[in-house]
Amino acid sequence: MSRIQTTFEQLQAKGRKALIPYVTAGFPFADITPSLMHGMVEAGADIIELGVPFSDPMADGPVIQKAGEKALSLGIGMVQVLEHVREFRKRNHTTPVVLMGYANPVERYDQRHGEDAFVRDAAAAGVDGVLVVDYPPEECEDFAAKLRAHQMDLIFLLAPTSTPERMAQVARVASGYVYYVSLKGVTGSAALDTSAVEAMLPSIREHVHIPVGVGFGIRDAATAQAVGRVADAVVIGSRIIQLLENQPHERVVAVAIDFLRGVRKALDA
């Protein structure tokens, strides 16, 4: 059983919803990520999504694109991302970490370090799940099996435009949770229509029998609370990146903690 599954089962037993913050690894400072991850857990995060910087992030809006560019300029690649996770694991052995990114860095890692090196090294570092935005489910059965053999989950996105056929394809391969992208468009865009999310989730649950997290467009505690009433998890990314963007090094962790504590309190209310 993966740490992600264990976490959701424990939360469901308590009637609580998962809080999943997203941050880009190496942003806004190359060395800040492990401390930031610990701070987010202290503030009430249940799972952490760690963005792998990539030069052409097609699903991400300008906020996360800019964060990725900054991290790349600081020399952050997959090797450094895995090192961040290893450092985090020295003190935290329970909070699941999901790497979120694109096919290119994963495949480049294998080209440089050997076949299946990414799966091997991610597991050794303490990664629990992988979300590769541009991996379609129909081409991922082998990759999913390799991850599962190392107690890691392969997580997929679903969107308002996802058909029942696509949901069924995802359900066959996904584990851990699925991430419902609540808006048409890129991360950080538009305002979230919680009634539309509420209307969509029963259709997803007809096909997908693992927890459903909702993200894209959740910007404050009130929206998180509304989404938490219908979803199993709330994912917040762009808003955190915006809050951290211009902070001095010594303020980054405190600002993240302050924001996430408010969201956690609203989710638990």
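Would you check if S203 is hydroxyl-bearing (S, T, Y), surrounded by fewer than 18 Cβ atoms within 10 Å (Cβ to Cβ), touching a helix residue (DSSP H, G or I) at 6+ places or on another chain (Cβ under 9 Å) and over 18 Å from R16 (Cα atoms)? Here the answer is yes, as S203 does meet what is asked. Just so you know, in segment 230-269 the residues that are in a loop (DSSP other than H, G, I, E, B) and touching a strand residue (DSSP E or B) at 6+ places or on another chain (Cβ under 7 Å) include one that is nearest to T33 (Cα to Cα), and it is G237.
Here the condition is being of a type outside the set (A, V, I, L, M), surrounded by fewer than 17 Cβ atoms within 10 Å (Cβ to Cβ) and in contact with a helix residue (DSSP H, G or I) (Cβ under 7 Å, 6 or more places away or on another chain); of D128, D193, D134, D220, it holds for D134 alone. Could we say that V227 is among the hydrophobic types (A, V, I, L, M, F, W, C), assigned to a helix (DSSP H, G or I) and touching a strand residue (DSSP E or B) at 6+ places or on another chain (Cβ under 6 Å) here? Answer is yes for this residue. Per the conditions (1) closer than 15 Å to K17 by Cα; (2) surrounded by 14 or more Cβ atoms within 10 Å (Cβ to Cβ), the sole criterion not satisfied by I155 is (1). Restricting V132, V178 to residues that are over 30 Å from S195 (Cβ atoms), under 15 Å from the mean Cα position of the chain (by Cα) and without any contact (Cβ under 8 Å) to a residue 40 or more places away in the chain narrows the list to V132.
For segment 91-123, taking the residues that are of a type in the set (G, A, S) and free of Cβ contacts under 8 Å to residues at least 12 places away in the same chain, the one that is surrounded by the most Cβ atoms within 10 Å (Cβ to Cβ) is identified as A117. Restricting attention to segment 1-23, the residues that are buried (at least 18 other Cβ atoms within 10 Å of the Cβ) and of a type outside the set (A, V, I, L, M, F, W, C) total 7. Being crowded, with 20+ Cβ neighbours inside 10 Å, in contact (Cβ under 8 Å) with a residue 24 or more places away in the chain, more than 24 Å from A67 (Cα to Cα) and not hydroxyl-bearing (S, T, Y) is true of G228.
Give the residue that is surrounded by the fewest Cβ atoms within 10 Å (Cβ to Cβ), with candidates limited to residues of segment 158-190 that are at pLDDT 95 or above and among the aliphatic types (A, V, I, L, M). The qualifying residue surrounded by the fewest Cβ atoms within 10 Å (Cβ to Cβ) is A168.
Restricting attention to segment 34-64, the residues being in contact with a helix residue (DSSP H, G or I) (Cβ under 9 Å, 6 or more places away or on another chain), among the acidic types (D, E) and under 18 Å from G215 (Cβ atoms) number 2.
Give me the pairs: first residue in segment 238-254 and without any contact (Cβ under 8 Å) to a residue 60 or more places away in the chain, second residue surrounded by 14 or more Cβ atoms within 10 Å (Cβ to Cβ) and assigned to a helix (DSSP H, G or I), beta-carbon distance under 8 Å, and six or more apart or on different chains, which are they? If the second residue must be surrounded by 14 or more Cβ atoms within 10 Å (Cβ to Cβ) and assigned to a helix (DSSP H, G or I), the pairs left are R239/F259; L243/V255; L243/A256; L243/F259. Examine segment 251-263 for a residue that is surrounded by fewer than 18 Cβ atoms within 10 Å (Cβ to Cβ), modelled with pLDDT of 95 or more, of a type in the set (D, E) and under 20 Å from D60 (Cα atoms), and state whether such a residue exists. Within segment 251-263, none of the residues are surrounded by fewer than 18 Cβ atoms within 10 Å (Cβ to Cβ), modelled with pLDDT of 95 or more, of a type in the set (D, E) and under 20 Å from D60 (Cα atoms).
The values are calculated or read from the model by the stated rules, or taken from the named source; none is laboratory data. It should be emphasised that the depicted structure is a prediction, and the values quoted were computed from it without experimental measurement. So basically every Cβ, Gly included, is an ideal-geometry build from the backbone, and we count neighbours across all protein chains shown.
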